[in-house]
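Down below is the structure, laid out as structure tokens.
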Amino acid sequence: MSRFILTRGWIECDFEQVRKIKESNVSFAKNSNKYSLSLEMTELYKKCWHYPSEEINWISIISFGANINGVAIYYIKDMVSEICAKEKVDGYFRIDDEEEQSYTEWFITDGNLIEKTNNKN
């Protein structure tokens with residue numbers, strides 16, 4: 001039986017970076033064979049990203065939110081890690097795993113991703 005993990009977060013960047021990050025995510029999805037995910041699954045998770053269409057003041061927020069199949073968590077993490085490797089961004093993601101009774105946080109500062117796992121008990 002599949003296990004689903006609630007995954008949501010945001011990336012803060014300059015508006016000029018939004019297009020680059022979106023292109024990076026599209027490219028990442030096309031080259032995702034190592035994750036053994038179906039094309040339908042990668043297409044579905046690509047839709048979970050939301051990109052601003054215009055600049056509002058001086059900060060742009062890219063968000064991601066979905067209840068993903070547990071087998072896809074490394075796919076999403078590697079996608080976020082690739083963004084961090086290419087762009088100097090800040091952000092935060094929280095991943096809730098009800099089955100494991102834990103949550104994981106990804107703290108992104110200046111393009112560096114730090115992961116911390118916590119028990120819910």
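Quick note: the coordinates plus some simple rules give every number you see, no bench work behind them. Quick caveat: nothing in here was measured; it's all calculated off a predicted structure. Please note: Cβ atoms are built from the backbone with ideal geometry, for glycine as well, and neighbour counts cover all protein chains shown.
A few comments on the model shown:
- Förster radius 41 Å - calculated FRET efficiency between E55 and S102, Cβ distance, rounded to 0.05: 0.65
- With a threshold of 26 Å on the Cα-Cα distance, the over-threshold entries among K20/K77; K20/K47; K20/K46; K34/K120 are K34/K120.
- By the count of neighbouring beta-carbon atoms within 10 Å, fewest first, T42, T7, T109 end up ordered T109, T42, T7.
- Pairs of alpha carbons in the chain separated by more than 17 Å make up 55% of all such pairs.
- Applying the criteria of a DSSP loop state and at most 14 other Cβ atoms within 10 Å to the trypsin sites (Lys or Arg not before Pro) of segment 1-62 yields R3, K47.
- The modelled label-to-label distance between E23 and V71, using points 7 Å beyond Cα along the C-beta direction, is 3.2 nm.
- For segment 34-82, the set of GluC sites (Glu not before Pro) satisfying both a DSSP loop assignment and a count of at most 14 other C-beta atoms within 10 Å is given as E54, E55.
- Label positions at E82 and R94, each projected 7 Å from the Cα along the C-beta direction, are separated by 2.7 nm.
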